[in-house]
1. Within the bounds of the stretch 221-229, is there any residue that is in contact with a strand residue (DSSP E or B) (Cβ under 8 Å, 6 or more places away or on another chain) and open to solvent by 20 Å² or more (accessible area, probe 1.4 Å)?
2. Is it true that PRO232 is in contact with a helix residue (DSSP H, G or I) (Cβ under 7 Å, 6 or more places away or on another chain), open to solvent by less than 40 Å² (accessible area, probe 1.4 Å) and within 18 Å of GLN343 (Cα to Cα)?
3. Do the conditions hold for ARG258, that is, is it open to solvent by 10 Å² or more (accessible area, probe 1.4 Å), at pLDDT 95 or above and basic (Lys, Arg)?
4. Would you point out the residue of the stretch 137-168, among those that are within 18 Å of GLY240 (Cβ to Cβ) and modelled with pLDDT of 80 or more, that is nearest to the chain's Cα centre (by Cα)?
5. Just to be sure, is GLY330 open to solvent by 30 Å² or more (accessible area, probe 1.4 Å), touching a residue at least 60 places away in the same chain (Cβ under 8 Å) and small (Gly, Ala, Ser)?
6. Looking at GLY393, GLY399 in this structure, which one is surrounded by 23 or more Cβ atoms within 10 Å (Cβ to Cβ) and of a type outside the set (Phe, Trp, Tyr)?
7. State all residues of the stretch 302-314 that are crowded, with 24+ Cβ neighbours inside 10 Å and not small (Gly, Ala, Ser); if no residue qualifies, say none.
Amino acid sequence: MGQRLQPARTHGNCGTFFTLLAASAASFLLHGCGGGGRPKAQQPPDAARASRDAWDTNKRREKNTSGMAPRVSALRTPVERRGDAGGVNLEHVSASGAKADLSKVGVGASWYWKDKEDKETTTTPVTTTPVTTTPAPTPAPTSAPPAYCSDAQTDCRATKCCIDPNMRCYSKNNWWAECLNKSSCEPGIHAEDPVKYRSNWSCTELSGPTQPPFHGWNYGTWTTGYWDCCKPSCAWPRKGNQSRPVRSCHARTGEWLRNASEVSVCDGGISASCTSHRPFVVNDGLSMGFAAAAVRGGAHHLTGDSNCGQCYELVFTDAQHQASKVRWGGASKGLVDKRMIVQVINIGEDVEGNHSFDLQIPGAGLGSRSEGCPAQFPGTDKDDFDCGVRFGGCNSIKGCDKLPKNLQSGCHWRYNWLEWLKNAGTTNNPFVRFRRVKCPLQLTDISGSVPYDDEDGWLIVM
């Protein structure tokens, strides 16, 4: 037998590292973390991948130099509202019981799935209460706009433009402006602002250039796989520029959850990834599925939350990984030039740089969140979901037999269509070129979410 290398997914200071799965007479360690990589067996617990849900609620930046604190999401009280598997629309249910259209709901609202056949009731308008603030001193003039645009949650007064083409630079007052999803800024008080900075937003859109959407191919990135059963990051309210939060499912019943603020099963709640998020074959050369996208892949036009709901066409290439003088992994010959269309429903804080997508594949590894799947499927053990290999998952299709029945087809896909470890250590974390495309109905019918800009000239591929 020859050598077979398999990288493992992790996060923290060490980034991605690799492990030897099979060995011959020669053995070696691969470099990582600036030359200090270690085998997975030696990986310290505190370097394991953090909860994506924790990322969702805790990734706010430190106070900026203008004296304005970062925006933080208002806490919402989870309310269990069971949904069914029929067509659904998203509505806001106010404290009085009145229902309002999604586009009119304020920041601090809870979101619910609503059956299509339910009739509309009286719409409760969202109002804001003006706040009188003490006049502040004249602000210092901002510098001339630099040659780049601003990122989300940063002051965009100087640049007057946003890196994310789906965002616009909105002014709060003379001392703060921020990149927000276009058409989402409402004048008045924003409940998610820290109390000490909770004053009126003017929501004046500042003029200036905005980077046009990138419609080309991105090259040189690679993919991994995982399945941890946790609630998808994009299933929380106000993520990305999408029509509604991505669907999550009740951990016990499997039904779609109406309340998008339910706590993740990985944190003791009832909201889990739906079993329908598994990959599936369209034909021999095309598959579809769902994925977590990089949070720091700006060079490849992946920026994190703003990618929620977007779809990408991946074409597998013949590139291989290289560590020192050793080349390993990549796509098998049978996978090269095959295509996969994925919708982003999760954001991976451990997915960055040239690691572009983490594909949702049952049996591909629980990662650091090993408590979710046994909670969603009582009577199972965490090792049933990845053969005890947290980063990389099962190495044989036989490992799929221990999975719950409704996940096994997605696990089989990994070996039959993706050709995982089929030939001399390939496929193993294959490279892709990718580009954004219009989301196909096969995916949006499952996720329930469509990007608002999906009609803006994105290529339709099938």
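1. Filtering the stretch 221-229 down to residues in contact with a strand residue (DSSP E or B) (Cβ under 8 Å, 6 or more places away or on another chain) leaves 221-227, 229.
Now restrict to residues that are open to solvent by 20 Å² or more (accessible area, probe 1.4 Å): 222.
Yes - at least one qualifying residue is present in the stretch 221-229.
2. no
3. Judged against the criteria, ARG258 is not a match.
4. Residue satisfying both the conditions and the ranking: MET167.
5. Considered against the rule, which asks whether it is open to solvent by 30 Å² or more (accessible area, probe 1.4 Å), touching a residue at least 60 places away in the same chain (Cβ under 8 Å) and small (Gly, Ala, Ser), GLY330 comes out as no.
6. Values: GLY399 fails: surrounded by 23 or more Cβ atoms within 10 Å (Cβ to Cβ).
Within the list GLY393, GLY399, the selection yields GLY393.
7. LEU302, ASN307, CYS308, GLN310, CYS311, LEU314 - these are the residues of the stretch 302-314 that are crowded, with 24+ Cβ neighbours inside 10 Å and not small (Gly, Ala, Ser).
One line per residue, one yes/no per condition, for (1) touching a residue at least 12 places away in the same chain (Cβ under 8 Å); (2) open to solvent by 10 Å² or more (accessible area, probe 1.4 Å); (3) over 18 Å from GLY225 (Cβ atoms):
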position: THR380; (1), (2), (3): yes, yes, yes
position: CYS387; (1), (2), (3): yes, yes, no
position: PRO404; (1), (2), (3): yes, yes, no
position: SER409; (1), (2), (3): yes, yes, no
position: HIS412; (1), (2), (3): yes, yes, no
position: ARG435; (1), (2), (3): yes, yes, yes
position: GLN442; (1), (2), (3): yes, yes, yes
position: ASP445; (1), (2), (3): no, yes, yes
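The values are calculated or read from the model by the stated rules, or taken from the named source; none is laboratory data. Here the structure is a predicted model, which is why all the values come from computation and not from measurement. Because the Cβ atoms are built from the backbone with ideal geometry, glycine has one as well, and the counts that use them run over all protein chains shown. The protein model used for the area step is the full one, side chains on, heavy atoms only, and it has no ligands, DNA or RNA in it. Shrake-Rupley method; radii C 1.70, N 1.55, O 1.52, S 1.80 Å.
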